[in-house]
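Chemist: Take this structure first; my questions come after.
The values are calculated or read from the model by the stated rules, or taken from the named source; none is laboratory data. All values derive from a computational prediction rather than experimental measurement. Methodologically, a virtual Cβ is constructed for each residue, glycine included, from the backbone with ideal geometry; neighbour enumeration extends over all protein chains shown.
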Amino acid sequence: MELAGGKVAQNGNATGNVYVYVSPDEAERKYLAETLKLDEHTLASALDPDELARLEFEPEHAAIIVKRPRNYSSESRFVFKVASIGLFLFADKLIIVLSEDLPLFQGKPFAKVASLQDLVLRMIYSTILHFVEHLRVINAVSDSLEEQINTSMQNKYLLNLFSLEKSLVYYLNGINSNAKLIERLKHSAAKLGFTPESIEFIDDMTIENAQCYEQAEIYSNILASMMDARVSIVSNNLNWLIKTLTIITICIMLPTLVVSIFSMNVEFPGREHPWMFWLILLFAAASVLFIRFVRWWKKW
């Protein structure tokens, strides 16, 4: 790829000033480490989701590790995880290393890119926007799960909420790590060759990232504070079902008891009366009405 005319595009040649490596194999890692002099530990950090965002200076380049949300799939089971991107800025080229294929250089942030340094900042800014979009999705999923919990008696929706709460912890750590990286970039602006316009853009990123962190923190606090209430809702729904089934069982047992008493092989008054059959059915129905009256009286 090549940065030219304010945009990054495929140039169709083996040469360029922007190189993207997705899950590099052993041969590619060897080339990056031995030929381009990338530090092996920093290169491994770019593919490690547990690494923190940071800025390091090497003799010929600057190494930047940025945190970003991972692509979500149905196999994730409501767990939104965080991955890393490695940006290795040389004087004449930019090398990008990431663990999974992503649609890079798309959207409004990349409409006009002035330089490789500007491209680095816009990639960091795009990760902030990516976090914001994922937070909106998490909030929408959380609202949907809450509606299902209100009428559910199963634990799976609660487990999904626990997964969302765990995801927000990952996001808070990733966003906070990016905040420290952005601060370090501003302090090293002269060394990285940032223009005054780039420094202003870093200030804007600082504000956007702080707002993103506050939004994630609000969602995390809401989920954590309401979790006990949602557990109580599921427990109450289950108790209500058990109580309803118990009342139904009693309503069935009393008529059965009445019929069973009159069905015993013993003599009782009125056994031969022609209306005795209907009288027994009346007693059975009256027992059901008696249970309904008691339920209304006790407000069960």
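Chemist: For the list (1) on the phi > 0 side of the Ramachandran plot; (2) in contact with a helix residue (DSSP H, G or I) (Cβ under 9 Å, 6 or more places away or on another chain), I need the number of the one condition that L52 fails.
Modeler: Looking at each condition in turn, L52 falls short on (1).
Chemist: Taking region 35-77, which residues are of a type in the set (K, R), more than 16 Å from H134 (Cβ to Cβ) and out of contact with any Lys or Arg (no Cβ under 8 Å at 6 or more places or on another chain)?
Modeler: We begin by selecting, within region 35-77, every residue of a type in the set (K, R); these are 37, 54, 67-68, 70, 77.
This time we only want the ones that are more than 16 Å from H134 (Cβ to Cβ), so: 37, 54.
If the condition is that a residue be of a type in the set (K, R), more than 16 Å from H134 (Cβ to Cβ) and out of contact with any Lys or Arg (no Cβ under 8 Å at 6 or more places or on another chain), then K37 is the only one that fits.
Chemist: Taking only region 80-111 into account, find how many residues are in a loop (DSSP other than H, G, I, E, B), modelled with pLDDT under 85 and on the phi < 0 side of the Ramachandran plot. Step through it out loud before you land on a result.
Modeler: Of region 80-111, the ones in a loop (DSSP other than H, G, I, E, B) are 80-81, 90-93, 99-107, 111.
Remaining after also requiring modelled with pLDDT under 85: 101-107, 111.
Now narrow it down to the ones that are on the phi < 0 side of the Ramachandran plot: 101-104, 106, 111.
Of the residues in that region, 6 qualify.
Chemist: Also: Conditions: (1) closer than 14 Å to L94 by Cβ; (2) among the small types (G, A, S); (3) without any contact (Cβ under 8 Å) to a residue 12 or more places away in the chain. A33 meets all but one. Number of the miss?
Modeler: The number of the failed condition is (1).
Chemist: I've got another one for you. Which residues, counting only those in region 69-121, are polar (S, T, N, Q), over 15 Å from K7 (Cβ atoms) and more than 13 Å from the chain's Cα centre (by Cα)? Before the answer, list the steps.
Modeler: As a first pass, look at region 69-121 and keep what is polar (S, T, N, Q): 71, 73-74, 76, 84, 99, 106, 115, 117.
Those still in the list that are over 15 Å from K7 (Cβ atoms) too: 71, 73-74, 76, 84, 99, 117.
Answer for region 69-121, where residues must be polar (S, T, N, Q), over 15 Å from K7 (Cβ atoms) and more than 13 Å from the chain's Cα centre (by Cα): S84, S99, Q117.
Chemist: Out of G5, G12, G16, which single residue is surrounded by 15 or more Cβ atoms within 10 Å (Cβ to Cβ) and at pLDDT below 90? Before you say what the answer is, go through the steps one by one.
Modeler: Numbers: G5 fails: surrounded by 15 or more Cβ atoms within 10 Å (Cβ to Cβ); G12 fails: surrounded by 15 or more Cβ atoms within 10 Å (Cβ to Cβ).
When all the criteria are applied, what remains is G16.
Chemist: Let me ask you something else. Evaluate region 145-161: report whether one residue or more is over 17 Å from the mean Cα position of the chain (by Cα), buried (at least 19 other Cβ atoms within 10 Å of the Cβ) and either without any contact (Cβ under 8 Å) to a residue 40 or more places away in the chain or not assigned by TED's automatic domain parsing to the domain that holds V66 (or both).
Modeler: Checked against the condition, which is being over 17 Å from the mean Cα position of the chain (by Cα), buried (at least 19 other Cβ atoms within 10 Å of the Cβ) and either without any contact (Cβ under 8 Å) to a residue 40 or more places away in the chain or not assigned by TED's automatic domain parsing to the domain that holds V66 (or both), region 145-161 yields no hits at all.
Chemist: Within region 21-44, can you find the residues that are loosely packed, with under 13 Cβ neighbours inside 10 Å and farther than 20 Å from V66 by Cα?
Modeler: Once the filter is applied, which keeps residues that are loosely packed, with under 13 Cβ neighbours inside 10 Å and farther than 20 Å from V66 by Cα, region 21-44 yields D25, E26, A27, K30, E34, T35.
Chemist: Could you please find all residues in region 62-79 being touching a strand residue (DSSP E or B) at 6+ places or on another chain (Cβ under 9 Å) and either of a type in the set (G, A, S) or buried (at least 22 other Cβ atoms within 10 Å of the Cβ) (or both)? Let's see the steps before the verdict.
Modeler: To start, the set of residues in region 62-79 that are touching a strand residue (DSSP E or B) at 6+ places or on another chain (Cβ under 9 Å) comprises 62-71.
Answer for region 62-79, where residues must be touching a strand residue (DSSP E or B) at 6+ places or on another chain (Cβ under 9 Å) and either of a type in the set (G, A, S) or buried (at least 22 other Cβ atoms within 10 Å of the Cβ) (or both): A62, A63, I64, I65, V66, K67, R68, P69.
Chemist: From the list I207, I233, which residue is on the phi < 0 side of the Ramachandran plot, in a helix (DSSP H, G or I) and either in contact with a helix residue (DSSP H, G or I) (Cβ under 8 Å, 6 or more places away or on another chain) or at pLDDT below 90 (or both)? Spell out how you get there, then give the answer.
Modeler: Values: I207 fails: either in contact with a helix residue (DSSP H, G or I) (Cβ under 8 Å, 6 or more places away or on another chain) or at pLDDT below 90 (or both).
Every option except I233 fails the conditions.
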